[in-house]
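Structure first, then comments.
The values are calculated or read from the model by the stated rules, or taken from the named source; none is laboratory data. Predicted, not measured: the structure shown is a model, and the values here were computed from it. For neighbour counting, all protein chains shown are included, and Cβ atoms are generated from backbone atoms with ideal geometry for every residue, glycine included.
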Amino acid sequence: MFETVKCKRALSPSGLPGIDYALNPYGGCEHGCVYCYGPEVTHTEFGQWRIVKVRSNIAERLAKEVRNIDGTVGVGTVTDPYQYAEKRFMLTSQCLEVLRSAGLRVHVHTKSDLILRDLDIISGMKGEVGITITTLDEKASHVTEPGAPLPARRLDALRELTCAGVDTYALVGPVLRFLEGREEEFVEAVASTGVRRMCIDRLNLRPLLSQRLDRMGITGSAEALEKIRRLAGDSGMEVTDVF
Ligand code: SF4
């Protein structure tokens, strides 16, 4: 479900490491990941989170705001910039064109292979792209990330971006118990894309998120996280923690 809205500002200051400004063309996210921190951070009910606010004038606003800034713009700091709405509205694509013309550095983060549609734009920009991958198991992905593209498509996107010379990283997080016993296979699959960096995120439980995951019987796994960290390091990847 979409709702078209106008935004007053395209950019907001960001407190994230290495990111000066945050840009989110969409409010809410159709991917509907059960572990998403977004609803709590934005004080939105989980059920409302999948009703997407399409910020239809964001590229126009951005074109005015980029005249006075320098630094790195994080694209998709709160919601996924390549969720399905982007296929139809192309706001992320338009914003990237504006940022490219302004010569600004970007940090794009997504779970979707739709990003490949904009490979020509992104490969001509300064910056980096991260793709989240939490499991290789399609059933686990259906349960935890019901609206997001399946893991194999994300690995393909990571491979294609990396092959095209884009500075990429894999975000593995949150590390859930589904990964226990499958750590080797998982790290091999990620490493096979050619990506050289992995960021790992443990499950950070906020009160409402904790209740939701408890009801579903979903838990994080410190054991899998440590094993993945070691295996990824052994395979030559640079490994960092998100928080
Ligand atoms: S893709 Fe990101 S923003 Fe969207 S629901 Fe999943 S965790 Fe939340």
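Based on this model, can you work out whether Asp120 counts as on the phi < 0 side of the Ramachandran plot and in a helix (DSSP H, G or I)?
On the way: on the phi < 0 side of the Ramachandran plot: yes; in a helix (DSSP H, G or I): yes.
Taking the combined requirement at face value, the residue satisfies it.
Sort out for me the helices (runs of 4 or more DSSP H) sitting completely within the stretch 124-243 that have 3 or more residues that are charged (D, E, K, R).
151-163, 183-191, 207-216, 222-234
Could you tell me which numbered condition Glu40 fails, if it satisfies all but one of (1) in contact with a Ser or Thr (Cβ under 9 Å, 6 or more places away or on another chain); (2) charged (D, E, K, R); (3) modelled with pLDDT under 95?
Result: Glu40 fails condition (1) only.
Regarding Thr168, is this residue among the hydroxyl-bearing types (Ser, Thr, Tyr) and more than 15 Å from the ligand (Cβ to nearest atom)?
yes
Mind telling me which of the residues Ala152, Ala157 ends up being of a type in the set (A, V, I, L, M, F, W, C), in contact with a strand residue (DSSP E or B) (Cβ under 7 Å, 6 or more places away or on another chain) and modelled with pLDDT of 95 or more?
Step by step, each of Ala152, Ala157 is checked, and only Ala157 is of a type in the set (A, V, I, L, M, F, W, C), in contact with a strand residue (DSSP E or B) (Cβ under 7 Å, 6 or more places away or on another chain) and modelled with pLDDT of 95 or more.
Can you pull out every residue in the stretch 131-166 that is out of contact with any helix residue (DSSP H, G or I) (no Cβ under 9 Å at 6 or more places or on another chain) and closer than 24 Å to Val73 by Cα?
Those that are out of contact with any helix residue (DSSP H, G or I) (no Cβ under 9 Å at 6 or more places or on another chain) and closer than 24 Å to Val73 by Cα: Arg159, Thr162, Cys163, Gly165.
Checking Phe46 against (1) closer than 30 Å to Phe178 by Cα; (2) touching a helix residue (DSSP H, G or I) at 6+ places or on another chain (Cβ under 6 Å); (3) surrounded by 20 or more Cβ atoms within 10 Å (Cβ to Cβ): exactly one of these is not met. Which one?
So the condition that Phe46 fails would be (3).
Mind checking which pairs have a first residue in the stretch 12-39 that is among the basic types (Lys, Arg) and a second that is in a loop (DSSP other than H, G, I, E, B) and away from the ligand (no atom under 16 Å from the Cβ), Cβ under 9 Å, 6 or more apart or different chains?
none
To keep it simple, each residue is scored yes or no on (1) over 17 Å from Ala10 (Cβ atoms); (2) within 10 Å of the ligand (Cβ to nearest atom); (3) surrounded by 18 or more Cβ atoms within 10 Å (Cβ to Cβ).
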position: Val75; (1), (2), (3): no, no, yes
position: Pro81; (1), (2), (3): no, yes, yes
position: Tyr84; (1), (2), (3): yes, no, yes
position: Lys87; (1), (2), (3): yes, no, no
